[in-house]
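Participant: The structure under discussion is supplied below as structure tokens; questions concerning it will follow.
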Protein chains: 2
Amino acid sequence: MARPKNDTFLRALLREPVEYTPLWLMRQAGRYLPEYCETRKRAGSFLQLCKSPALACEVTLQPLARYDLDAAILFSDILTVPDAMGLGLYFAEGEGPKFERPLREEWAIRDLEAPDPNVHLRYVMDAVAEIRRALDNSVPLIGFSGSPFTLACYMVEGGGSDDFRTVKTMLYSRPDLLHRILKVNAEAVTSYLNAQIESGAQAVQIFDTWGGALSAAAYKEFSLQYMEQIVAGLKKTQDGERVPCIVFTKGGGQWLEDIAAIGCDAVGLDWTTDLAAARRRVGDKVALQGNLDPFSLFATPEAVAAEARRVLDSYGEGSGHVFNLGHGINQFTPPENVAVLVDTVHKHSRKN
Amino acid sequence: MARPKNDTFLRALLREPVEYTPLWLMRQAGRYLPEYCETRKRAGSFLQLCKSPALACEVTLQPLARYDLDAAILFSDILTVPDAMGLGLYFAEGEGPKFERPLREEWAIRDLEAPDPNVHLRYVMDAVAEIRRALDNSVPLIGFSGSPFTLACYMVEGGGSDDFRTVKTMLYSRPDLLHRILKVNAEAVTSYLNAQIESGAQAVQIFDTWGGALSAAAYKEFSLQYMEQIVAGLKKTQDGERVPCIVFTKGGGQWLEDIAAIGCDAVGLDWTTDLAAARRRVGDKVALQGNLDPFSLFATPEAVAAEARRVLDSYGEGSGHVFNLGHGINQFTPPENVAVLVDTVHKHSRKN
């Protein structure tokens, strides 16, 4: 299996020479696209969309049909792993994800086990394989997972949270229990990502959406440590090709050097971090991914283009930059501004 | 007017020698205290509580009666200034602050004017004077205001926001309009804080609650620049005593050096910043305030004490540290854990 025809994204992650700065967008297959909303309606629910390999494949490809993106990302949810652990994921209308059985009791935590991804998450592997076939080696496919700490936040809180009061109470009062959850989550995420790689994922990203809610000390102990374990356990090549790994901690800009040291190929940055300073801080250690403010896409087309150029210029010349947003694209984003963004990134970076 | 009997807080802000690390807590007069809830009920509403100098004084003193805190902070709301500008502040039950007339139209932005604090915010100045009389020079009184950008977020959004979509759309599309609002806000905040100082505030803090939602470049242009203007315009002494100024940008840890350079005496830090690293970064330029995770107060008393000691030890020996939380105290915090915190901070820092 050769590298895809457009392998700019993979080369940028590995800091090999590129002709332009590649880009993809976190949550690029999503509600801002009318065609996505139609498929979702057809699926019946978000979860049924995730669990149908054919429909997951369909929505994965939708943004690539519209825009000249340099990578596809598996359409799935970050909570598939705890769902496969038996916590009972569901989505209450307009309320975000919830678990029927939040993980708080000591006995339940002791009983927690990593699921076999090829059995309990078969639908994800089937989607990966189907998307790879559909992509026909045009652009690389990114696999992904939530980080152990981010998964634990949802598992312990029983859903989303503004303040993470329950999981932080456990963190400070019963760190042993939280470490037990994180250990199982790290095992589960490692085998989940490896199964995605074996099914055809050509790069993987760990989404640490909530690590930034921790103190510096707690971040290292409860989030970064476990991501380091995962990175160490990942398959580094598949069919002779290197499979790069991206680690993205939202709100993690202060800990960039620490993240860059865990063995990943690239670090994702949210929009609060200055890319020029970030590049100086990591040197040649890792590639950087990011970091346009997703809400700059609500501005005029001229302002969108100006802000995209500012991000490109702050990284500067040379490889090692994958353009992205600093967080998932918002559901109310005007799709025509995404076209402006993609065009600007490609054109402006070719000039550099 | 002499310095208060306990002036440890003021001395720490000015990096003069202290016998122990002083502490106060953001939102220390608040819903976690049953006596506060009773006074609020008596007031009829939160806004009536803010607007009654006698009741504002009463709740300001409540945490000092319970705990051995080293400073009092004026009880008020950060949105008094835009309310005095005529935007019509109100609180819908369980919904947070709202404005009857959000500021979005160009004509309204052109018409915006800074209010005279001694006329339109007389009730705040009366509260400051009444609290000073009641404190009888026991501990210093802190005055405060929201930052120009934080006020603008509420003014443009019309209330709280998860994503600041409206204000960011203005920022990227019509920066001239946002700059016009920020210019008026900076004037208004300067005269508001100076009036508080003239009424008796012995230190002031600028709360930049939402500056951390901006990109590094936008933070400097739309938040920090205006706080620098305010700091330059503040009265530096009152009755021969120096009035220190603290700047707190939640989520601003990455920009610490920039904040420390605007002329303030101290920088407030949220819990995500490592205090030891922060101290190395600012050297002798400013004092530092913070930065316990407010949710560590939900843990066992032993864990609360351990986490407080960890924060103290990370700052290390010598003056220049004011202990605080990294954000306002949560309404569900067990009051008995606050007692453990205050006791631990005083005892442990005396040993150092």
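Participant: In the range A:53-90, which residues are more than 20 Å from the chain's Cα centre (by Cα) and either outside any helix (DSSP H, G or I) or modelled with pLDDT under 95 (or both)?
Facilitator: Of everything in the range A:53-90, those that are more than 20 Å from the chain's Cα centre (by Cα) and either outside any helix (DSSP H, G or I) or modelled with pLDDT under 95 (or both) turn out to be A:Gly88, A:Tyr90.
Participant: Which of the residues spanning the range A:296-320 are facing chain B (nearest Cβ under 8 Å) and over 21 Å from A:Gly268 (Cα atoms)?
Facilitator: Selection gives A:Phe298, A:Ala299, A:Thr300, A:Ala303.
Participant: Another one. Scan the range B:177-191 and tell me whether some residue there is under 25 Å from A:Ala306 (Cβ atoms) and within 11 Å of chain A (Cβ to nearest Cβ).
Facilitator: no
Participant: Of the residues in the range A:1-42, how many are touching a helix residue (DSSP H, G or I) at 6+ places or on another chain (Cβ under 8 Å) and at pLDDT below 95?
Facilitator: Within the range A:1-42, residues that are touching a helix residue (DSSP H, G or I) at 6+ places or on another chain (Cβ under 8 Å) and at pLDDT below 95 number 1.
Participant: Condition (residue is within 14 Å of another protein chain (Cβ to nearest Cβ) and part of a helix (DSSP H, G or I)) applied to the range B:223-230: is it met by at least one residue?
Facilitator: There is at least one residue in the range B:223-230 that is within 14 Å of another protein chain (Cβ to nearest Cβ) and part of a helix (DSSP H, G or I).
Participant: Give B:Leu171, B:Leu193, B:Leu178 a once-over and let me know the one that is at pLDDT 95 or above, within 30 Å of A:Asp163 (Cβ to Cβ), under 18 Å from the mean Cα position of the chain (by Cα) and assigned to a helix (DSSP H, G or I).
Facilitator: Answer to the selection: B:Leu193.
Participant: Scanning the range B:321-352 for residues that are part of a loop (DSSP other than H, G, I, E, B) and among the hydrophobic types (A, V, I, L, M, F, W, C), which turns out farthest from the other protein chains (Cβ to nearest Cβ)?
Facilitator: In this case the residue turns out to be B:Ile329.
Participant: If I filter the range A:131-168 down to residues being closer than 21 Å to A:Ala201 by Cα and basic (Lys, Arg), which single residue comes out as surrounded by the most Cβ atoms within 10 Å (Cβ to Cβ)?
Facilitator: Selected residue: A:Arg132.
Participant: Please go through (1) free of Cβ contacts under 8 Å to residues at least 12 places away in the same chain; (2) in a loop (DSSP other than H, G, I, E, B); (3) not aromatic (Phe, Trp, Tyr) for B:Ala277 and return the number of the only condition it doesn't satisfy.
Facilitator: (2)
Participant: Another question about this same structure. Which residue out of A:Leu74, A:Leu87, A:Leu171, A:Leu103 is under 30 Å from B:Gln331 (Cα atoms), more than 14 Å from chain B (Cβ to nearest Cβ) and either surrounded by 23 or more Cβ atoms within 10 Å (Cβ to Cβ) or among the hydroxyl-bearing types (Ser, Thr, Tyr) (or both)?
Facilitator: Being under 30 Å from B:Gln331 (Cα atoms), more than 14 Å from chain B (Cβ to nearest Cβ) and either surrounded by 23 or more Cβ atoms within 10 Å (Cβ to Cβ) or among the hydroxyl-bearing types (Ser, Thr, Tyr) (or both) holds for just one of A:Leu74, A:Leu87, A:Leu171, A:Leu103, which is A:Leu103.
Participant: Here is a check on your reading of the model: is B:Ala203 more than 14 Å from chain A (Cβ to nearest Cβ), of a type in the set (Gly, Ala, Ser), crowded, with 23+ Cβ neighbours inside 10 Å and in contact with a strand residue (DSSP E or B) (Cβ under 8 Å, 6 or more places away or on another chain)?
Facilitator: For B:Ala203, the condition - more than 14 Å from chain A (Cβ to nearest Cβ), of a type in the set (Gly, Ala, Ser), crowded, with 23+ Cβ neighbours inside 10 Å and in contact with a strand residue (DSSP E or B) (Cβ under 8 Å, 6 or more places away or on another chain) - is met.
Participant: Filter the range A:254-295 for residues that are more than 10 Å from chain B (Cβ to nearest Cβ), in contact with a strand residue (DSSP E or B) (Cβ under 9 Å, 6 or more places away or on another chain) and small (Gly, Ala, Ser); which is nearest to B:Thr169 (Cα to Cα)?
Facilitator: A:Gly290
Participant: Can you name the residue in the range B:206-221 that is more than 10 Å from every other protein chain (Cβ to nearest Cβ) and surrounded by fewer than 24 Cβ atoms within 10 Å (Cβ to Cβ) and, of all such residues, is nearest to B:Ser161 (Cα to Cα)?
Facilitator: Ranking the candidates gives B:Thr209 first.
The values are calculated or read from the model by the stated rules, or taken from the named source; none is laboratory data. Everything numeric here is computed off the predicted structure, so don't read it as measured data. For neighbour counting, all protein chains shown are included, and Cβ atoms are generated from backbone atoms with ideal geometry for every residue, glycine included.
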